[in-house]
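The next block holds one structure in the form of structure tokens; read it before the comments.
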Amino acid sequence: MLRQLEGSHAIARSVALCRPRVVCAYPISPQTHILEGLEELIRSGKLQNCEYLNVESEMGALSVAIGAEAAGVRSYTATSSQGLLYMIEAVYNASGLELPIVMTLGNRALGSPINIWNDHSDAMSVRDSGWVMFFAETNQEAADLHILAFMVAEKMRCPVIVNVDGFILTHAYDRVDIPSQEAVDEFLPPYAPNISLDVDSPMAVGTMVPPEYFMEVRCLAHRKHEDSLALIERAGSTFEEKFGRNSGGLLRGYSLQNADTIVVAMGSVAGTIKDVVDELNHEGGKFGELTIVCYRPFPREALRNSLKNSKRIIVVEKSLAVGVGGILSQEIELAMKGCNVEIISVIAGLGGRNITKSTLKEHFSKKNHEKMTFLDLRNDIIADQYRPICSAAVKAEKTCPIQP
Amino acid sequence: MSHPTIGNRLVKNVTVQSMRDRPNCLTSGHRACQGCGEALGARCVLDAAYAATGGKIAVVNATGCLEVFSCVYPENSWQVPWLHSLFGNAPAVATGVAAAFKQQGKSDVRIIAQGGDGALSDIGMGCLSGMFERNDDVLCVCYDNQAYMNTGVQRSGATPAFARTATTLPTGNYLGNDAQTGKNLPKIAMAHEIPYVATASIGNIHDLEEKVTKAIHIRGAKYLHVHVPCPLGWGYSPSDTIKIARAAVQCGLFPLFEMERGKIMKSTPIKDPVKVDDYLKSQRRFAHLFGKSASPEALAALQDIADNNIRDYALAENANG
Amino acid sequence: MFQVRIHGRGGQGVVTAAEMLSLAAFFEGKYAQAFPSFGSERTGAPVVAFCRISDREIRLREPIMEPNAVIIQDCTVIDSANAFHGLVEKGFILVNSNHDINHGLKNVSLKCISATEIALEHIGKPIPNAVLLGSFAGLTGILKIESVIEAIKTKFSGAIGEKNIAAARVAYDRTLEVG
């Protein structure tokens, strides 16, 4: 049913349609409206047979979900930013235990300095944790990806994070089609747990694994992720057949045919980029856009196939590995190894800095690009505050004495 | 209940541990040290809970000695459904299990969260407090050996005053762990006014089993604090574990009591008093308080703790009437 | 695409106004996107909310920098918020005020309406958002008053909804009367 809803409430309704039995969370902006929405659905009886728990910390939230999943019921939680860091030990634990928890991450910057606004730093902090990671471009996708997430998680026996841009999506009112309970029930079968704490068939879950077996555990986890690329793609097509929308899969291309320059992005900024691509093409440009829907497992082959005929790839990324550079752009660089294509990193929107159509357009239109750019950087502040640690002369000698 | 083992024939009130077919929830073959108080404590607690529920228990274990020595893949000593997640989250994981069981209509299966003093009084205290505050249907059992034994005997929040650990080595004027320390987790539990809080000792199995049997049937949050000596960390012969455990109770340093909804309901009087000095002398972790560099002040401070316990918990033989 | 920016203070229902605007547009079969200026809003602090209305899917996610209409729920934020910044030519300014304001702009349609007074009279609370939306329908003709009423009804049920609707109607009629 078509509705005009806040993103967070669309997500809450969508999660409720997946019939979780345990929902637990600890409040942090901008994730709060999601759990408030779910709490209301549960207390009002619209979502039945579900325990809702207010816990004492994010560590508690994910730990409750771990206990519930290990005992054999579908569980859900949500967090953002510092909250994700606070629960990070449990994040690795959940994937190691192969518990198909679904978690929404209302993407937000990481401090210090403290900043409550949107970027993808939090998501990037768990990119190697063994969770599947989806990124939503719109609130329709945010809602749909949660249904897909439960399906993929349970088929893979692996937890899934659905990344939703904090505020930009979580707090925006948009048109969202919320599917019927019947349709979701047909798509998502009841949870058939792989493990459960059963008194009739006792099992020890989470034992120590010594060096003789640990490598194999990790290798199998990696194989599972690689294999599941096909599963995720197929789940996306099945979803499209059932619901008439392409909300899942690995990648989504826009105007890729004959594109010389392809802009790659994740999350809500892809929408703004599409508007820019249209304008540039209208003015005679050859631009395309590629959205990464599934970031983990990393769809290396699919990316390569989509990008190999372009001449230039501009990666617009909302995170920065300090001392390294753009994270996504470097992963794409590895994926494109051997292809004669220029790859440019545009670090944009950190800590909620607005990403505007006009600056993107200006940047995409440039003939020559720096390898990496901070979009809309306030150069006056940088010029004023930047103090080189080593002088140019010292740098040239390749040794840098520690300054007093 | 089946037949008591030989030697207990004349004892009317037999313990689960003395049964020939006791459940052995933590069965033999594990890798605990000789004389491990925690292994004994865990077996006693779980066997009693198993017996009281007809085998309907599930266990969530914090990281620590108990987890490490009991199950290194592909071996496993647990005979009950058992889950280990992390060091600091066992009470929260148990809350999740409880929520799931409620949803599955398995309220007859009782849930135990267990861990050491480090897991529960230090790193996991937030999760523990949350579980208490929500009054989740979990029995949390702390096996208190008063330091981080798994990592090599470092000080924990529950380490008693003047004890020597790897991170509180007495040197010069420094007498080991500072005075006025040793976090009192039972009192913290009591402050949450949960339905049931108790202390127990592996030196008194009858008392321990009674408390487990009582606690396991109560709905809501329960806390049991079990004193479990550690031969390696405390410095005594592995054959003396029970003797040391009893001495701690009988000298007044580890009082046995029960609390309900924030009030002390019952305590176990001291029957065979032991001098605090004698209890301390039996362990190398307190050896620096005696001999050449003896500290009468430290000994007096520890004696004070015992005296206060005897007064506050009415532990004198005639106190309970 | 028609873009609206709403200025006011925390507690005046600024974000709800944007939401109701998007609901009204949705009821007319249009696409709409409403969102607040993001931050730790506190009661009384200046707040901005935005609403885009279009016949096509809205992909753009930047804040509204060139609004077609600006709604001022509280005159005291006009200067500090630079409230008329970027307003397009032939744009609309709707102000909650019982006297004219000086906006210094050419070629804009200005409407001042004492929304707080109308709200106090009909709702009994100084919440001017629904009143201003009624006036907005009259001033811009972008949305039908029936859609605005439907949006108010969706957001506020029962007696409080009815009172808000009555207030919005009064504002709508008054806006049309003056022309």
Fill in the blank from the handout: A:GLU69 meets each of (1) in contact with a strand residue (DSSP E or B) (Cβ under 7 Å, 6 or more places away or on another chain); (2) closer than 27 Å to A:GLN140 by Cβ; (3) charged (D, E, K, R) with one exception, condition (2)
Problem - Residue among A:GLY236, A:GLY267 that alone is buried (at least 18 other Cβ atoms within 10 Å of the Cβ), closer than 16 Å to A:LEU145 by Cα and outside the structural domain of A:ILE347 (by TED's automatic domain parsing) - result: A:GLY236
Handout entry: Some residue of the stretch A:15-22 being within 24 Å of C:ALA24 (Cα to Cα) and of a type outside the set (D, E, K, R)
Key = no
Handout entry: Those residues of the stretch B:56-85 which are within 7 Å of chain A (Cβ to nearest Cβ) and over 20 Å from B:GLY41 (Cβ atoms), in sequence order
Key = B:LYS56, B:VAL72, B:TYR73, B:SER85
Problem - In the stretch B:194-217, the residues that are in contact with a strand residue (DSSP E or B) (Cβ under 6 Å, 6 or more places away or on another chain) and without any contact (Cβ under 8 Å) to a residue 24 or more places away in the chain - result: none
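For a quick check of your reading: which strands (runs of 3 or more DSSP E) sit entirely within the stretch A:274-322 and have at least 3 residues that are in contact with a helix residue (DSSP H, G or I) (Cβ under 7 Å, 6 or more places away or on another chain)?
Filter on the stretch A:274-322 gives A:287-292, A:312-317.
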Practice task
Would you mind stating whether B:ASP278 is surrounded by fewer than 20 Cβ atoms within 10 Å (Cβ to Cβ) and touching a residue at least 24 places away in the same chain (Cβ under 8 Å)?
Solution key: yes
Problem - Spans of strands (runs of 3 or more DSSP E) in the stretch B:161-260 with at least 2 residues surrounded by 20 or more Cβ atoms within 10 Å (Cβ to Cβ) and not hydrophobic (A, V, I, L, M, F, W, C) - result: B:196-201, B:222-227
Problem - Number of positions in the stretch A:328-362 that are within 14 Å of chain C (Cβ to nearest Cβ), out of contact with any Pro (no Cβ under 9 Å at 6 or more places or on another chain), touching a residue at least 40 places away in the same chain (Cβ under 8 Å) and assigned to a helix (DSSP H, G or I) - result: 4
Practice task
Answer yes or no: is there a residue in the stretch A:355-378 that is surrounded by 15 or more Cβ atoms within 10 Å (Cβ to Cβ), among the aromatic types (Phe, Trp, Tyr) and closer than 30 Å to A:LEU220 by Cα.
Solution key: no
Practice task
Tell me, yes or no, whether the stretch A:207-222 has at least one residue that is free of Cβ contacts under 8 Å to residues at least 24 places away in the same chain, farther than 30 Å from B:VAL68 by Cα and surrounded by 11 or more Cβ atoms within 10 Å (Cβ to Cβ).
Solution key: no
Handout entry: From B:ALA191, B:ALA147, B:ALA179, B:ALA163, residue being among the small types (Gly, Ala, Ser), touching a residue at least 40 places away in the same chain (Cβ under 8 Å) and closer than 25 Å to B:HIS84 by Cβ
Key = B:ALA147
Practice task
Mind listing whichever residues of the stretch C:23-42 are farther than 13 Å from C:MET1 by Cα and in a loop (DSSP other than H, G, I, E, B)?
Solution key: C:GLU28, C:GLY29, C:SER37, C:PHE38, C:GLY39, C:SER40, C:GLU41, C:ARG42
Exercise for the section: Return only the number of the condition from (1) surrounded by fewer than 22 Cβ atoms within 10 Å (Cβ to Cβ); (2) within 14 Å of another protein chain (Cβ to nearest Cβ); (3) under 28 Å from C:GLU117 (Cβ atoms); (4) not β-branched (Val, Ile, Thr) that C:ALA49 does not satisfy. Expected result: (1)
Handout entry: Among (1) more than 9 Å from every other protein chain (Cβ to nearest Cβ); (2) touching a strand residue (DSSP E or B) at 6+ places or on another chain (Cβ under 9 Å); (3) surrounded by 20 or more Cβ atoms within 10 Å (Cβ to Cβ), the one test that A:ALA109 misses
Key = (2)
Exercise for the section: Can you run down the residue pairs with Cβ atoms below 6 Å, 6 or more apart or on separate chains, where the first is in the stretch A:1-26 and more than 15 Å from A:PRO189 (Cα to Cα) and the partner is polar (S, T, N, Q) and assigned to a helix (DSSP H, G or I)? Expected result: A:GLN4/C:SER22; A:GLY7/A:ASN139; A:ALA10/A:ASN139
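Residues that are within 11 Å of another protein chain (Cβ to nearest Cβ) and surrounded by fewer than 22 Cβ atoms within 10 Å (Cβ to Cβ), at least 2 per element: which helices (runs of 4 or more DSSP H) completely within the stretch A:1-105 meet that? Can you show your working first?
Values: elements: A:7-17, A:32-43, A:58-70, A:81-86, A:88-96.
The helices (runs of 4 or more DSSP H) meeting that bar are A:88-96.
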Completion exercise
Filtering the stretch C:52-61 down to residues that are at the interface with another protein chain (Cβ under 7 Å from one of its Cβ atoms) and either within 14 Å of C:ARG5 (Cα to Cα) or buried (at least 24 other Cβ atoms within 10 Å of the Cβ) (or both) yields C:ARG61
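Do any strands (runs of 3 or more DSSP E) entirely within the stretch C:68-179 hold 3 or more residues that are without any contact (Cβ under 8 Å) to a residue 24 or more places away in the chain and surrounded by fewer than 19 Cβ atoms within 10 Å (Cβ to Cβ), and if so, which?
none
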Problem - Only one of A:ALA204, A:ALA192, A:ALA153, A:ALA172 that is over 28 Å from B:GLY64 (Cα atoms), more than 25 Å from the chain's Cα centre (by Cα) and hydrophobic (A, V, I, L, M, F, W, C) - result: A:ALA192
Handout entry: Subset tally (residues that are free of Cβ contacts under 8 Å to residues at least 24 places away in the same chain and farther than 21 Å from B:VAL93 by Cβ) for the stretch B:29-76
Key = 2
Practice task
Can you confirm whether the stretch B:125-136 contains a residue that is within 14 Å of another protein chain (Cβ to nearest Cβ), within 20 Å of B:LEU83 (Cα to Cα), in contact with a Gly (Cβ under 6 Å, 6 or more places away or on another chain) and modelled with pLDDT of 95 or more?
Solution key: yes
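For the stretch B:102-115, give me each residue that is modelled with pLDDT of 95 or more, of a type outside the set (A, V, I, L, M, F, W, C) and outside any helix (DSSP H, G or I). Reasoning before the result, please.
Our first condition is that a residue be modelled with pLDDT of 95 or more; within the stretch B:102-115, this holds for B:102-106, B:108-115.
Pick out the ones that are also of a type outside the set (A, V, I, L, M, F, W, C) and you get B:102-106, B:108, B:110, B:114-115.
Hits for the stretch B:102-115 are B:GLN104, B:GLY105, B:LYS106, B:ASP108, B:ARG110, B:GLN114, B:GLY115.
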Completion exercise
Of B:GLY88, B:GLY105, the only residue that is more than 8 Å from chain A (Cβ to nearest Cβ) and either surrounded by 24 or more Cβ atoms within 10 Å (Cβ to Cβ) or free of Cβ contacts under 8 Å to residues at least 40 places away in the same chain (or both) is B:GLY105
Practice task
Only helices (runs of 4 or more DSSP H) wholly contained in the stretch A:137-248 count here; list those with 1 or more residues that are more than 14 Å from chain B (Cβ to nearest Cβ) and under 25 Å from A:SER121 (Cα atoms).
Solution key: A:139-156, A:211-243
Fill in the blank from the handout: So, first residue assigned to a loop (DSSP other than H, G, I, E, B) in the stretch B:286-305, second residue crowded, with 18+ Cβ neighbours inside 10 Å, Cβ within less than 7 Å, six or more apart or across chains; the pairs are B:SER295/B:LEU175; B:SER295/B:LEU289
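Any idea which of B:GLY118, B:GLY96, B:GLY130 is under 30 Å from B:ASP304 (Cα atoms), without any contact (Cβ under 8 Å) to a residue 60 or more places away in the chain and assigned to a helix (DSSP H, G or I)?
B:GLY118
The values are calculated or read from the model by the stated rules, or taken from the named source; none is laboratory data. Computed from a predicted model, the values in this text were never measured in an experiment. Note that we place each Cβ from the backbone using ideal geometry, even for glycine, and neighbour counts take in every protein chain shown.
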